[in-house]
Amino acid sequence: MLRGRTFRSIRLSLRAGLYLLLASQVAFAAGPQSTPSIFAPASTPADEVYKLSLFVLAITGGIFVVVGGLLAYAIFKYRARKADDNTEPAQIYGSTQVELAWTVIPVLIVVVLFLTTARMIFAIQDAPKPKAALDVTVVGHQFWWEFRYPKLGVVTANELHVPLSSEKTPLPTYLKLLSADVDHSFWVPQLAGKTDLIPNHVNTTWINPLHPGMYVGQCAQFCGTEHALMLLRVYVDTPDQFATWVKNQQQPAVHDAQVATGRHIFETQSCMNCHSIAGTPATGRFGPDLTHLMSRATLASGATLNTRENLREWIKNPDHYKEGSLMPAMQLSDEQLDQITAYLSTLY
Amino acid sequence: MADHTLPIAGSLDVTPPRAADGTFLERLHDWVVTVDHKKLGILYILYSIFFLLVAGAEAICIRIQLFFPHNHFLGPQVFNRFFTMHGTTMVFLVGMPILFGFGNYVIPLQIGARDMAFPRLNALSFWMTAFGGLLLYYSFIGGSGLYGVGNAPDVGWFAYAPLTAKAFSPGHAIDYWTLSLIVSGFGTLGTAINIIATIISMRCKGMTLLRMPLFSWLMLVVSGLTLITITPLTAAQIMLVIDRYLGGHFFDTQAGGSALVWIHFFWIFGHPEVYVLVLPAFAMANEIIPVFSRKAIFGYPAMVAASVGIAFVSLGVWAHHMFTVGMTSASNAFFTLSTMLVGIPTGIKIFNWLATMWGGKIRFATPMLFATGFLFQFLIAGLTGIMLSVSPWDWQLHNSYFVIAHFHYVLVGAIVFCIFAGIYYWYPKATGRMLSEKLGKWHFWLFFIGFHITFDVMHFLGLMGMPRSIYTYEPDRDWTLLNQIVSIGGFIQGIAVLIFAYNLIRSYFKGKEAGNDPWDAWTLEWSVPSPPPPYNFATDPVVESRRPLWDLKHPDDPDWKYEA
């Protein structure tokens, strides 16, 4: 008795879980979520995948209920009873008809699933690129993201800005994915499935975001020590916001005479070997471009918020926020730290 | 047909009384130099159980680290080493050896042979496998080259290039990993050849291939598959060594090499490897489910065909691990289809097991509890596998906790459950004593509950966007509670495994005497004493059907009357 009931209740609770999943589409309002659920799509490919996933869930859920139900029934019905005559049950060696049936039915299910899936693969992967589409080149680094807008002359890091698209005026963003070192994977669940960034190999993907806001994601291919803190933000801006952002990013760095000492330290220490600041001699490419550092909300690829104190601590000892990040602690004096922090804090 | 009343001459018990044991050193020496398939089988299994505890402890540490966001229990480097070692250990030092251990122990007994075809190769294979395991764990001491602190591989068990290149992984940790897999790989190849030769040439009189018990059949299929799959892995490892030490550029992307080549090689090995692990688990279920349902296996020919079919199809599905690497839409569609096709023979197996139970009198002794858990979990694992084969959905699910949940459903929910079932089933044969049923039930229920707490919840974490291989996560993602539930389930499983280990030791000394045939089973290994004498069978057995002991016990209604 107990066993049958236990199995049934497990089955029931699993089924409840499934309903919970299906209900989650109602629970999630459209737009960005702090939990990057794949069931809260806010962009075309993610949305199509979501609809396909519901279809597949329905079919597999149906199979689960039928087969799991039969199993639970068999366990309950055919368990050996205490008062048993100890005879062996009837021996049945097989049945061609029955076996044929449970071969043919799965074949049919596979055909349906495959055709539905194939249609979706081609629709997403081979979608023609509209003329209006924005191009962004994404370069994966251990352990941060470089974003380059070749047509706009903008370079930034870790926080991708893209324009809002709509049904009426589609404005998708096409991402060209490259890697500077090892394999990475670009994944913002609410916008699209993931695509890997592989060195010496060009990949592309696209997003067509339909709700403004900030979407979180992160690297989804293990890439070394700080893979976990290779976080990613995508800001979907309204067209006006996006134009303003682009205009600001296109400017060279702010030049503020008050922080000249800090700038001098930056340019005489090793900082500029790895970092670029447009309009200055700093043209390094190993680390993120700092021209508009203060326009970003986070530091160290999302490891911490971009506040003045965090910035100072990050420069002083990068391992404090991100143990194993490739930025070295430069052993600067407190005064130098203050001055560099002051300089970087002017880079809006 | 000849005389059916006593078809198995081997069941005559002419065992001499257990020989005097000798001194401890003599006994130890005996275990080291042994070429007896039973002793080697037991060595394989003990070796695997040891590493099961080690890799399990690593998993527990991983789960403690993930209990809180921004936890500092393990640093990122230690965490990365632990998940790499957990995966590598569980696949190569637990999964493979334990399944070959069962093969070693059971196959000769089941096909009526006195030993494996090549007993010395058998011993060599085991010791190579064992040496491979030691090499891997020696990296904790010698990984950085014996100066200063040690280190272990920290690149994931899949070890994607170019992260394994000298530029990104200095020191010797990767080299220990590579050498360990090459060495234990050769051991595995030796065992696979041995099993094939044994099954092809050593079957007793009357045991045609279609009368061979399904356990042996599936081990034959697995061994063939092993020969095919270990080769690309070894090739890839050798390429990696050439890259690291001889200036090769196979995977050196800076010099025009290809990271994708490694991924292809790894998964051409890696996917069939899953079937190398799961088919022996099916093999055990094929023995246990009929015996405890008191019915012949339903659709024996279909079971054989489905196993061969799974092995065959499994060779053409590897790129479903690669839907996100940027293959063409046509390739994605092809591997979607080939992967879905696996579901058909797998479905046949599940239905046949179900039909075997249908109309039976199912005895829920511990082996059957685990086998039933296996059936239920394998059904779910298969269905999540279908979800993952839908490549657009896989673009979301790939490398998320959903995948972790899916493959632990296969590796733990199916394979480990079957291994436990198999140990409870054959332990009496190997030791002459029963494992405690009471402890066994505690073990089962705790493990079953812990398993579902952990791995059911992991699916949801994946759907909520949590990627694998991360040592920490952000509190605002709302993954904390579910991670804590997952960890608690992991601890419960840990307790269950400790109960199991205690049961193994305690029952060896205090367990009930088993006798030849404690489960009232039907294959030849149950006709000989427990533990069997070194020569297994006093005289060569002769069989007339798939269930020789059924024929013996039911002379009025023997199987050979019904078998086609």
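The values are calculated or read from the model by the stated rules, or taken from the named source; none is laboratory data. Just so it is clear, the structure is predicted and the values come from calculations on it, not from any experiment. Counting neighbours? That spans all protein chains shown, and the Cβs are built from the backbone with ideal geometry, glycine included.
Only one of the listed residues (B:210, B:218, B:163) is crowded, with 24+ Cβ neighbours inside 10 Å, within 14 Å of chain A (Cβ to nearest Cβ) and either free of Cβ contacts under 8 Å to residues at least 40 places away in the same chain or more than 30 Å from residue A:140 (Cα to Cα) (or both). That residue is B:163. Within region A:309-319, does at least one residue satisfy the condition of being surrounded by fewer than 17 Cβ atoms within 10 Å (Cβ to Cβ), hydrophobic (A, V, I, L, M, F, W, C) and under 30 Å from the mean Cα position of the chain (by Cα)? No, there is no match, as no residue in region A:309-319 is surrounded by fewer than 17 Cβ atoms within 10 Å (Cβ to Cβ), hydrophobic (A, V, I, L, M, F, W, C) and under 30 Å from the mean Cα position of the chain (by Cα).
Would you call residue A:228 in a helix (DSSP H, G or I), of a type in the set (A, V, I, L, M) and within 12 Å of chain B (Cβ to nearest Cβ)? Before the answer, list the steps.
Working: in a helix (DSSP H, G or I): yes; of a type in the set (A, V, I, L, M): yes; within 12 Å of chain B (Cβ to nearest Cβ): yes.
Answer is yes for this residue.
If you check residue A:114 against the conditions, is it surrounded by 15 or more Cβ atoms within 10 Å (Cβ to Cβ), modelled with pLDDT of 95 or more and at the interface with chain B (Cβ under 9 Å from one of its Cβ atoms)? Answer is yes for this residue. Take the conditions touching a residue at least 12 places away in the same chain (Cβ under 8 Å), more than 11 Å from chain A (Cβ to nearest Cβ) and surrounded by fewer than 24 Cβ atoms within 10 Å (Cβ to Cβ) and apply them to residue B:411. Does it pass? Considered against the rule, which asks whether it is touching a residue at least 12 places away in the same chain (Cβ under 8 Å), more than 11 Å from chain A (Cβ to nearest Cβ) and surrounded by fewer than 24 Cβ atoms within 10 Å (Cβ to Cβ), residue B:411 comes out as yes.
Would you point out which residue out of B:366, B:372, B:339 is out of contact with any strand residue (DSSP E or B) (no Cβ under 6 Å at 6 or more places or on another chain), of a type in the set (Ser, Thr, Tyr) and more than 11 Å from every other protein chain (Cβ to nearest Cβ)?
Numbers: B:372 fails: more than 11 Å from every other protein chain (Cβ to nearest Cβ); B:339 fails: more than 11 Å from every other protein chain (Cβ to nearest Cβ).
The unique qualifying residue is B:366.
Evaluated against (1) free of Cβ contacts under 8 Å to residues at least 60 places away in the same chain; (2) of a type in the set (A, V, I, L, M, F, W, C); (3) in a loop (DSSP other than H, G, I, E, B), residue B:485 falls short on exactly one condition, (3).
If the condition is being over 22 Å from residue B:173 (Cα atoms), outside any helix (DSSP H, G or I) and among the aliphatic types (A, V, I, L, M), then region B:57-80 contributes only B:66.
So which residues in region B:166-184 are surrounded by fewer than 23 Cβ atoms within 10 Å (Cβ to Cβ) and under 19 Å from the mean Cα position of the chain (by Cα)? Across region B:166-184, the qualifying residues are B:182, B:183. Of B:292, B:334, all but one fail to be within 10 Å of chain A (Cβ to nearest Cβ), under 24 Å from residue A:60 (Cα atoms) and among the aromatic types (Phe, Trp, Tyr); the exception is B:334. For beta carbons closer than 7 Å, sequence separation of 6+ or different chains, a first residue in region B:377-405 that is more than 9 Å from every other protein chain (Cβ to nearest Cβ) and a second that is of a type in the set (Asp, Glu) and assigned to a helix (DSSP H, G or I), the qualifying pairs are B:388/B:394. Inclusion of residue A:183 among residues that are touching a helix residue (DSSP H, G or I) at 6+ places or on another chain (Cβ under 8 Å), among the charged types (D, E, K, R) and more than 14 Å from chain B (Cβ to nearest Cβ) is not warranted. Yes or no: region A:124-142 includes at least one residue that is away from every other protein chain (no Cβ under 14 Å), within 28 Å of residue B:323 (Cα to Cα), free of Cβ contacts under 8 Å to residues at least 12 places away in the same chain and not polar (S, T, N, Q). For region A:124-142, residues away from every other protein chain (no Cβ under 14 Å), within 28 Å of residue B:323 (Cα to Cα), free of Cβ contacts under 8 Å to residues at least 12 places away in the same chain and not polar (S, T, N, Q): present.
Scanning region B:529-554 for residues that are out of contact with any strand residue (DSSP E or B) (no Cβ under 9 Å at 6 or more places or on another chain) and more than 20 Å from residue B:290 (Cβ to Cβ) yields B:529, B:531, B:532, B:533, B:534, B:535, B:536, B:537, B:538, B:539.
Here are B:227, B:240: which of them is outside any loop (DSSP other than H, G, I, E, B) and free of Cβ contacts under 8 Å to residues at least 40 places away in the same chain? First the steps, then the outcome.
On the way: B:240 fails: free of Cβ contacts under 8 Å to residues at least 40 places away in the same chain.
The unique qualifying residue is B:227.
Taken over region A:259-278, the criterion of being within 32 Å of the chain's Cα centre (by Cα) and not in a helix (DSSP H, G or I) is satisfied by A:275, A:276, A:277, A:278. In summary, no strands (runs of 3 or more DSSP E) completely within region A:132-174 bear 3 or more residues that are over 22 Å from residue A:278 (Cβ atoms). When restricted to residues that are touching a Phe, Trp or Tyr at 6+ places or on another chain (Cβ under 9 Å) and outside any loop (DSSP other than H, G, I, E, B), region A:79-100 contains 3.
Within the bounds of region B:365-383, is there any residue that is within 24 Å of residue B:223 (Cβ to Cβ) and either among the basic types (Lys, Arg) or touching a Cys at 6+ places or on another chain (Cβ under 6 Å) (or both)? Among the residues of region B:365-383, at least one is within 24 Å of residue B:223 (Cβ to Cβ) and either among the basic types (Lys, Arg) or touching a Cys at 6+ places or on another chain (Cβ under 6 Å) (or both), which makes the answer yes.
I'm checking my understanding of the structure. Among residues of region B:483-522 that are within 30 Å of residue B:552 (Cβ to Cβ) and charged (D, E, K, R), which one is surrounded by the fewest Cβ atoms within 10 Å (Cβ to Cβ)?
The first filter runs over region B:483-522 and keeps only residues within 30 Å of residue B:552 (Cβ to Cβ), leaving B:507-508, B:511-522.
Next cut, charged (D, E, K, R) only: B:512-513, B:517, B:520.
Numbers: B:512: 13, B:513: 10, B:517: 19, B:520: 15.
For region B:483-522, the residue satisfying everything is B:513.
Table: residues versus (1) part of a strand (DSSP E or B); (2) within 14 Å of residue A:160 (Cα to Cα); (3) more than 8 Å from every other protein chain (Cβ to nearest Cβ).
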| residue | (1), (2), (3) |
| --- | --- |
| A:193 | yes, no, no |
| A:197 | yes, no, yes |
| A:205 | yes, no, yes |
| A:215 | yes, yes, yes |
| A:223 | no, no, no |
| A:242 | no, yes, yes |
| A:247 | no, no, yes |
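A search for C-beta distances below 8 Å between a residue of region A:84-96 that is within 7 Å of chain B (Cβ to nearest Cβ) and any residue that is among the hydrophobic types (A, V, I, L, M, F, W, C), counting only pairs 6+ apart in sequence or on different chains, returns A:91/B:296; A:92/B:296; A:92/B:298; A:92/B:355; A:93/B:296; A:93/B:298; A:94/B:298; A:94/B:302. Residues in region B:111-127 that are assigned to a helix (DSSP H, G or I) and surrounded by fewer than 24 Cβ atoms within 10 Å (Cβ to Cβ): B:119, B:120, B:121, B:123, B:124, B:127.
The residues of region B:232-260 that are β-branched (Val, Ile, Thr) and exposed (fewer than 15 other Cβ atoms within 10 Å of the Cβ), listed by number, are B:238, B:242. Scoring residue B:384 on the criteria (1) more than 27 Å from residue B:336 (Cβ to Cβ); (2) touching a Phe, Trp or Tyr at 6+ places or on another chain (Cβ under 8 Å); (3) of a type outside the set (A, V, I, L, M) leaves a single failure, condition (1). Please determine, by comparing only the residues of region B:342-363 that are among the aromatic types (Phe, Trp, Tyr) and facing chain A (nearest Cβ under 7 Å), which one is nearest to the chain's Cα centre (by Cα). Checked region B:342-363; the qualifying residue nearest to the chain's Cα centre (by Cα) is B:351. Just to be sure before I move on: is residue B:561 surrounded by 14 or more Cβ atoms within 10 Å (Cβ to Cβ) and without any contact (Cβ under 8 Å) to a residue 60 or more places away in the chain in the structure I sent? So residue B:561 does not fit the description; no. Are any of the residues in region B:534-556 without any contact (Cβ under 8 Å) to a residue 12 or more places away in the chain and outside any helix (DSSP H, G or I)? Within region B:534-556 (the criterion being without any contact (Cβ under 8 Å) to a residue 12 or more places away in the chain and outside any helix (DSSP H, G or I)), the answer is yes, since at least one residue qualifies.
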